[in-house]
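What follows is a short report on a single structure.
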């Protein structure tokens, strides 16, 4: 029996996914969570086989939740399930350790298959995501695409989130217990990795990826 935790901030989505998954007698949804912190607590208590992870949630994003979850429980498989079909978001999820990525529009036909694939140790991308990744690899800008896909560190994610929330460098330095000059270093590094040029672009990116709420 494959033991599954569903993480999505919409109750109706979780209920619909539960119905789809539990039609398969080899799968059991053992718990649900509507935000990242709750998901981490549930995983600590229940250690499921698979976590189906939304990306855009209140508070902590699915990207950061996945990073923290897998740092503590590397044996658990995370399968991203999101409305976002963006190569940067896909790559960020894969970079933090997700084993697969499915867009919600394809969930009905591919979710069970994706779960079985990741449990068996294989990566799984739905057709739309696989095509997106393939297009990126075929691009003549492939070298710069690889640069964009370098993952953000935990500290860079924290700085990116706080900047997008409108915090100043001194505010961030105080909250993270680092110097303002270190904040500036992290800001330059994350801007370079994401190919962004200013805080407005960063804020748009943070909203699109679910790091902050619009």
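Every number here is computed from the coordinates shown, using simple stated rules; none is lab data. What you are looking at is a predicted structure, and each value in this text was computed from that prediction instead of being measured. Neighbour counts are summed over all protein chains in view; Cβ atoms, including those assigned to glycine, are modelled from backbone coordinates with ideal geometry.
Observations on the model:
- Remark: the residue 20-residue 200 segment gains 60.8 nm on full extension, using 0.36 nm per residue and subtracting the alpha carbon distance.
- On Cα atoms only, tilt of 154-164 relative to the major axis of the chain in degrees: 70
- Packing, taken as the mean count of other beta carbons within 10 Å per residue, orders the peptides 119-125, 30-36, 194-200 from highest to lowest as 30-36, 119-125, 194-200.
- Using alpha-carbon coordinates, inclination of helix 199-209 to the longest axis of the chain, degrees: 10
- Cα centroid separation - the stretch 179-204 against the stretch 24-68, whole Å: 29
- Normalised by the number of residues in the chain, the average gap of Cα pairs under 8 Å and 6 or more apart makes the relative contact order 17 percent.
- Whole-Å semi-axes of the ellipsoid equivalent to the chain (Cα gyration tensor, √5λ, descending): 30, 20, 14
- Considering only 25, 116, 88, the Gaussian network model of the chain with Cα springs below 10 Å gives its largest mean-square fluctuation to 25.
- In the stretch 152-209, Rg over Rh equals 0.92, where Rg is the alpha-carbon radius of gyration and Rh the Kirkwood radius from pairwise Cα distances.
- Protection-proxy order for peptides 51-61, 12-22, 101-111, each taking the mean of Cβ atoms within 10 Å per residue, highest first: 51-61, 101-111, 12-22
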